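*Asks:* Before anything else, here's the structure in question.
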Amino acid sequence: MEASLIGTDSVQFIVVKIGTEQYGIDIKYVDNIVRMQKITRVPKIQSYVKGVINLRGEVVAVMSLRLKMNLPADVFTNSTRIIILKLGQQSEVGIIVDEVKEVVTLETSEIEKTFHDMKEEKATYISGIGQHNGELISLLDMSIVMAEKEKD
């Protein structure tokens with residue numbers, strides 16, 4: 001199911017912090033990383049969508065990864081960033097992260113697949129666990145994270 005790993009020996013991930021946890025986002029989805037800016041609220045949308053921003057003349061929806069994963073609400077700091085993602089034919093979407101740490105290259109041998117029978121909802125957003133410099137990085141499955149359905 002991990003199309004990005006087929007036929008390659010390594011994958012690059014942008015490592016971000018959300019709370020105390022480290023998450024990896026496959027770099028092929030990342031279009032841009034911007035500083036936190038004013039987000040315009042939009043009425044009657046999912047609770048995890050914070051609103052929209054104007055990015056070089058384009059309106060981009062911005063969502064809170066924390067709220068989507070049922071974590072405590074965002075606290076904005078100087079390290080807070082919006083990662084602009086491009087998934088296939090869909091329009092760009094921004095996700096709020098607490099901090100962007102680094103870009104890492106993981107060999108497929110450094111990635112453990114996760115089991116989807118985990119009880120926690122956020123576990124379904126994780127495609128694997130990477131190991132880098134003795135630290136664990138939860139690798140986000142962006143196609144599932146970006147899926148529109150909200151589980152209530």
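The values are calculated or read from the model by the stated rules, or taken from the named source; none is laboratory data. Given the structure is predicted, the values throughout are model-derived calculations rather than measurements. Cβ: placed from backbone, ideal geometry, glycine included. Neighbour counts: every protein chain shown. Surface areas here come from the heavy atoms of the whole protein model, side chains and all, with no ligands, DNA or RNA. Shrake-Rupley method; radii C 1.70, N 1.55, O 1.52, S 1.80 Å.
*Asks:* Check Tyr125, Tyr29, Tyr48 and return the single one that is within 16 Å of the chain's Cα centre (by Cα), surrounded by fewer than 19 Cβ atoms within 10 Å (Cβ to Cβ), touching a residue at least 40 places away in the same chain (Cβ under 8 Å) and within 15 Å of Ile144 (Cα to Cα). Step through it out loud before you land on a result.
*Replies:* Details: Tyr125 fails: surrounded by fewer than 19 Cβ atoms within 10 Å (Cβ to Cβ); Tyr29 fails: surrounded by fewer than 19 Cβ atoms within 10 Å (Cβ to Cβ).
The unique qualifying residue is Tyr48.
*Asks:* For the structure I just gave you, tell me whether Asn70 is loosely packed, with under 13 Cβ neighbours inside 10 Å and without any contact (Cβ under 8 Å) to a residue 40 or more places away in the chain. Give the steps one after another, and end with the answer.
*Replies:* Working: loosely packed, with under 13 Cβ neighbours inside 10 Å: yes; without any contact (Cβ under 8 Å) to a residue 40 or more places away in the chain: no.
So Asn70 fails the test.
*Asks:* Residues in segment 92-106: is at least one within 30 Å of Ser10 (Cα to Cα), outside any strand (DSSP E or B) and either in contact with a Gly (Cβ under 8 Å, 6 or more places away or on another chain) or open to solvent by less than 50 Å² (accessible area, probe 1.4 Å) (or both)?
*Replies:* Checking segment 92-106: at least one residue is within 30 Å of Ser10 (Cα to Cα), outside any strand (DSSP E or B) and either in contact with a Gly (Cβ under 8 Å, 6 or more places away or on another chain) or open to solvent by less than 50 Å² (accessible area, probe 1.4 Å) (or both).
*Asks:* Next question, about the same structure. Given (1) modelled with pLDDT of 90 or more; (2) surrounded by 11 or more Cβ atoms within 10 Å (Cβ to Cβ), where does Gly57 come up short, assuming only one miss?
*Replies:* (2)
*Asks:* Which one is most open to solvent (accessible area, probe 1.4 Å) among residues in segment 76-89 that are under 17 Å from Lys101 (Cβ atoms) and assigned to a loop (DSSP other than H, G, I, E, B)?
*Replies:* So the residue we want is Asn78.
*Asks:* Same structure again: Looking at the structure I just gave you, is Ser10 modelled with pLDDT under 95 and open to solvent by 80 Å² or more (accessible area, probe 1.4 Å)? Show your work before the answer.
*Replies:* Details: modelled with pLDDT under 95: yes; open to solvent by 80 Å² or more (accessible area, probe 1.4 Å): no.
It is false that Ser10 is modelled with pLDDT under 95 and open to solvent by 80 Å² or more (accessible area, probe 1.4 Å).
*Asks:* Shifting gears a bit: Which residue pairs have Cβ atoms closer than 9 Å, lie 6 or more positions apart in sequence or on different chains, and pair a first residue in segment 78-96 that is farther than 15 Å from Tyr23 by Cα with a second residue that is hydroxyl-bearing (Ser, Thr, Tyr) and surrounded by fewer than 20 Cβ atoms within 10 Å (Cβ to Cβ)?
*Replies:* Filtered contacts from segment 78-96: Leu87/Ser143; Gly88/Ser143.
*Asks:* Kindly provide the set of residues from segment 107-117 that are open to solvent by 60 Å² or more (accessible area, probe 1.4 Å) and aliphatic (A, V, I, L, M), ordered by number.
*Replies:* Scanning segment 107-117 gives no hits.
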